[in-house]
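*Asks:* Here you go, one structure.
The values are calculated or read from the model by the stated rules, or taken from the named source; none is laboratory data. What you see is a predicted model; the values in this text were computed from it and never measured. In this analysis, Cβ positions are derived from the backbone assuming ideal geometry, glycine residues included, and neighbour counts consider all displayed protein chains. Surface accessibility is based on the protein's heavy atoms, side chains included, excluding ligands, DNA and RNA. Shrake-Rupley method; radii C 1.70, N 1.55, O 1.52, S 1.80 Å.
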Amino acid sequence: MPTTAEMPLEAARIPDCTELEAHRAAYSSAKANNVIFVCVARHGRQWKVQLDAMSSSRPYVPDHAMPVLRSAVEALVRDGTAGQGSVGADYISLGPIKTESRAREIAAAFHAAMYGLQQLHMTVPNVTSDGDS
């Protein structure tokens, strides 16, 4: 994974972690660079998207921002883009997704969202869900 200066990742730079060793290397790199881990992985003919904020020692996405990410995941499942999705305080998982290019596009979008929300939370840490400080 690239350094924080190169975040968030563009779709073409999202690592393919289909092989276990590639996953280990990408996750180790994310931890070493203190960034949110993101990857795509092939499962049979389809693809999966994974993001994990635990690779970064920075604050996770704040709880009050999670509904935005959950809503986006639910929309992708509802429209059939992904078979299922899961969102937690520190991770997002989506799949199966039909094509690698679509999986990369989705991974890049969620990576940008999580990274941006994390940066905003670090810059303005005391904002509440109703906008009051």
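*Asks:* Per 0.36 nm of contour for each residue apart, how much would the distance between R58 and T123 grow if the chain were fully extended, relative to their Cα-Cα spacing? Intermediate results must be reported in sequence, preceding the final value.
*Replies:* On the way: separation 65, 0.36 × 65 = 23.40 nm, distance 1.16 nm.
Gain on extension, R58 to T123, equals 22.2 nm.
*Asks:* Can you tell me the FRET efficiency between L20 and R45 if r is taken as the Cβ-Cβ distance and R0 is 25 Å, rounded to the nearest 0.05? Please report the intermediate quantities before stating the final value.
*Replies:* Numbers: r = 19 Å, r/R0 = 0.77.
So the FRET efficiency works out to roughly 0.85.
*Asks:* Rg and Dmax of the chain, Cα atoms, in Å?
*Replies:* 14.5, 48
*Asks:* With n ≥ 4 as the cut-off for DSSP H runs, can you work out [θ] at 222 nm for the chain, using -39500 (n - 2.57) per run divided by the number of residues, rounded to the nearest 500? Please report the intermediate quantities before stating the final value.
*Replies:* Numbers: 3 runs with 50 residues, N = 133.
Taking each H run of at least 4 residues, the total per residue is -12500 deg cm²/dmol.
*Asks:* If Lys and Arg each add +1 and Asp and Glu each add -1, what is the summed charge of the other residues whose beta carbon sits under 15 Å from the beta carbon of I106?
*Replies:* Details: positive: R13, R42, K48, R70, R78, K98, R102, R104; negative: E10, D16, E74, D79, E100, E105.
Here the charged neighbours net out to +2.
*Asks:* Moving to a separate point now. Give me the net charge for the shell around A53: Cβ to Cβ below 14 angstrom, other residues only, Lys and Arg +1, Asp and Glu -1. Don't skip to the end; give the middle numbers.
*Replies:* Details: positive: K31, R58; negative: D52, D63, D90.
Here the charged neighbours net out to -1.
*Asks:* Another one. Counting only protein heavy atoms, what percent of the accessible surface of the stretch 30-133 is carbon or sulfur at a 1.4 Å probe? Show your work: numbers first, answer last.
*Replies:* Numbers: 2730 of 5330 Å².
The value for the stretch 30-133 is 51 percent carbon and sulfur by accessible area.
*Asks:* Could you give the accessible area per residue of the chain, probe 1.4 Å, as a whole number in Å²?
*Replies:* Accessible area per residue, the chain: 53 Å².
*Asks:* Loop only per DSSP, at most 14 neighbouring Cβ atoms within 10 Å: give me the GluC sites (Glu not before Pro) in the stretch 1-110, ordered by residue number. Walk me through the numbers on the way to the answer.
*Replies:* Numbers: sites: E6, E10, E19, E21, E74, E100, E105; in loops: E10, E19.
Listed in order of number, the matching sites are E10, E19.
*Asks:* Please compute the modelled spin-label separation between D90 and S29, points set 7 Å along Cα→Cβ, answer in nm with one decimal.
*Replies:* About 2.2 nm, to one decimal.
*Asks:* If you take the square roots of the eigenvalues of the alpha-carbon gyration tensor of the stretch 20-59 and sort them as a ≥ b ≥ c, do you get rounded (a/c under 1.5), prolate (a/b over b/c) or oblate? Kindly include the intermediate steps, with their values, before the conclusion.
*Replies:* On the way: a/c = 4.34, a/b = 1.92, b/c = 2.26.
Oblate is the answer for the stretch 20-59, as a/c is 1.5 or above yet b/c matches or exceeds a/b.
*Asks:* How would the stretch 33-108 be classified by its alpha-carbon gyration tensor: rounded, prolate or oblate, with rounded meaning a/c under 1.5 and the a/b versus b/c comparison settling the rest?
*Replies:* Working: a/c = 2.66, a/b = 1.39, b/c = 1.91.
Oblate is the answer for the stretch 33-108, as a/c is 1.5 or above yet b/c matches or exceeds a/b.
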